[in-house]
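First the structure, in the form of structure tokens, and then the observations on it.
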Amino acid sequence: MAMDFGGGEEIRFEIVGQAGVVTLTRPKALNALTAKMVHALAAALDAWEGDDAVRLVLVRGEGRAFCAGGDIMDVYRAGKAGERHVGFFGDEYRMNAQLARFPKPYVALIDGIVMGGGVGISAHGSHRVMTENAIVAMPEVGIGFFPDVGGSHVLSRLPGSFGMYMALTGNRVRYGDALAVGLATQAIRAESQQDLIDAFTASGEVDAVLSRFHADVPPETDAATFAAIERHFSQGSLESVLASLKAEAEAGDDFAAKTLATMLSRSPTSLKVTWRQISRGAGLSMDDCMRMEFRVLNRMLDGHDFYEGIRAALVDKGSTPVWNPPALEAVSDAAVEAYFAPLGERELAL
């Protein structure tokens with residue numbers, strides 16, 4: 001039974017058997033989230049929370065992505081025209097917090113790319129099921145932004161400082177590593193997706209079905225590299241992280257050299273703000289993380305690097321961004337702290 005929550009052609013809602021099934025239907029745009037999709041998903045969660053016919057919610061994406069993030073070109077164009085699209089993010093963050101509170105099983109079936117806003121509509125649910133095609137990343141520091149949509153809550157809680165590593169590099173993770181650190185709760189083979197969906201809709205028994213389909217997959221990263229990630233990224237400051245990487249890079253370590261080079265190509269402001277955001281997120285509730293991220297967001301939309309990062313990545317594709325300030329030393333602690341200052345009457349209302 002199809003239902004309409006106002007998402008138009010961009011997102012589909014159906015009740016199939018015991019399940020509320022959500023399908024993101026913008027495959028050409030890698031299912032990037034629009035304001036319409038955010039509002040519709042929030043409305044569906046509201047409706048299905050109180051509907052006894054829906055025992056679980058299943059979310060999937062059409063095509064080769066689950067969801068590659070938010071549709072940020074609108075934000076870019078608005079910013080260039082002197083307007084700030086704060087509203088889209090406020091609605092998205094409210095929906096992320098709503099999902100984290102959702103009392104029923106919420107299964108994200110991830111068969112392909114999941115980044116940024118896609119992590120926001122999957123990581124806060126009860127189950128993240130990934131296939132061998134899954135690619136997970138929070139690549140925001142590469143576009144002068146920060147890992148929002150609850151990144152401060154999710155990434156700060158991954159073991160072995162793996163979330164800090166993901167946040168500060170933007171590096172991509174495959175399903176074995178995702179399973180090893182808890183970003184994925186289960187792994188399955190891509191060819192068994194339809195059988196899994198059929199079993200969910202028929203029985204409504206989430207854990208029993210998942211245990212039947214779960215494929216045990218080893219991590220892609222070896223134990224020595226996991227240990228190196230923890231050693232470098234558990235340091236007490238961003239400067240110490242970089243010094244730790246630099247020392248091992250100079251001693252000939254390939255992983256440290258590559259990781260350091262990646263970080264040094266990212267926005268210095270983003271790196272400093274992100275380090276503080278993830279560090280603080282570890283001690284905050286999901287709602288407080290979202291309030292903190294909304295404060296940071298407002299300042300990012302007033303800044304330079306976010307627009308420059310989008311220009312380089314999406315407008316003049318493949319060009320090198322020119323960050324301002326250009327170096328980490330030029331980003332003062334006071335400048336970083338200003339991103340986290342209260343917004344007064346403009347705080348995120350949850």
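Give me the percent relative contact order of the range 223-346, please, defined on Cα pairs under 8 angstrom at least 6 residues apart. Relative contact order comes out at 23 percent. For Met3, the residues 5 or more places off, or on other chains, whose built amide H falls under 5 Å of its own are Phe13, Glu14, Ile15.
Backbone geometry of the range 4-21 corresponds, through the Karplus equation with coefficients 6.51, -1.76 and 1.60 at θ = phi - 60°, to 3J(HN,Hα) couplings of 10, 10, x, x, x, 7, 8, 7, 10, 10, 9, 9, 10, x, 8, 10, x, 10 Hz, x marking Gly and Pro.
Around the amide H of Ala184, modelled in the peptide plane, lie the amide H atoms of Leu179, all under 5 Å away and 5 or more residues distant in sequence or on another chain.
Near the amide H of Leu33, within less than 5 Å, lie the amide hydrogens of Gly69, Gly70, Asp71, all on another chain or at least 5 residues away, with H placed in the peptide plane. Each Cα pair under 8 Å and six or more residues apart adds its separation to the average, and for the range 286-350 the resulting relative contact order is 48 percent. For Lys28 and Phe102, a Förster radius of 22 Å and the Cβ-Cβ distance give a FRET efficiency of 0.15, rounded to the nearest 0.05.
Relative to the longest principal axis of the Cα atoms of the chain, the long axis of helix 86-101 lies at roughly 60 degrees. Taking the C-alpha atoms only, the angle from helix 268-281 to the longest principal axis of the chain is near 50 degrees. Kirkwood radius, the range 1-67, all distinct C-alpha pairs, inverse of mean reciprocal distance: 11.9 Å.
Can you tell me the length gained on complete extension of the stretch Ala338 to Ser234, counting 0.36 nm per residue apart and subtracting the Cα distance? Write out the running numbers ahead of the final one.
Working: separation 104, 0.36 × 104 = 37.44 nm, distance 2.42 nm.
Full-extension gain reported as 35.0 nm.
If R0 is taken as 35 Å, the Cβ-Cβ distance between Glu205 and Arg157 corresponds to a FRET efficiency of 0.80.
Under the definition of Cα pairs under 8 Å and six or more residues apart, what whole-number percent is the relative contact order of the chain?
Computed value for the chain: 16 percent relative contact order.
Net charge of the neighbourhood of Ile113, taken over other residues with C-beta under 10 Å away and scored Lys/Arg +1, Asp/Glu -1, is +1.
Estimated purely from DSSP H runs of n ≥ 4, each contributing -39500 (n - 2.57), the mean residue ellipticity at 222 nm for the chain is -13500 deg cm²/dmol once divided by its residues.
Between Ser285 and Leu264, the modelled label-to-label distance comes to 4.3 nm, taking each label 7 Å out from Cα in the direction of the beta carbon. Only lysine pairs 8 or more places apart, or on different chains, with alpha-carbon atoms under 23 angstrom apart are counted in the chain, and they number 8.
Extension gain for Lys317-Ala223 works out to 30.2 nm (0.36 nm per residue, less the C-alpha to C-alpha distance). Backbone phi angles across the range 137-143, fed through the Karplus curve with coefficients 6.51, -1.76 and 1.60 (θ = phi - 60°), yield HN-Hα couplings of 7, 10, x, 5, 4, x, 10 Hz in residue order; Gly and Pro are listed as x. Footprinting exposure proxy ranking of Tyr175, Tyr165, fewest other C-beta atoms within 10 angstrom first, gives Tyr165, Tyr175. Centroid-to-centroid, using Cα positions, the range 138-155 and the range 101-129 are 16 Å apart.
Can you put Thr274, Thr201 in order, fewest other beta carbons within 10 Å first? Working shown, then result.
On the way: Thr274 29, Thr201 20.
Ordered from fewest to most neighbouring Cβ atoms within 10 Å, Thr274, Thr201 come out as Thr201, Thr274.
So between Arg64 and Ala243, what do we pick up on full extension, going 0.36 nm a residue minus the alpha carbon distance? Let's see the in-between values first.
Values: separation 179, 0.36 × 179 = 64.44 nm, distance 3.84 nm.
Gain in length upon complete extension: 60.6 nm.
In the chain, the longest principal axis of the Cα atoms and the axis of helix 286-302 are about 50 degrees apart. For the range 90-163, the square roots of the Cα gyration tensor eigenvalues, ordered a ≥ b ≥ c, give a/c below 1.5, which places it in the rounded category.
Only the coordinates and a few stated rules stand behind these numbers; no lab work does. For clarity, every value in this text was computed on a predicted model and none was experimentally measured. Note that we place each Cβ from the backbone using ideal geometry, even for glycine, and neighbour counts take in every protein chain shown.
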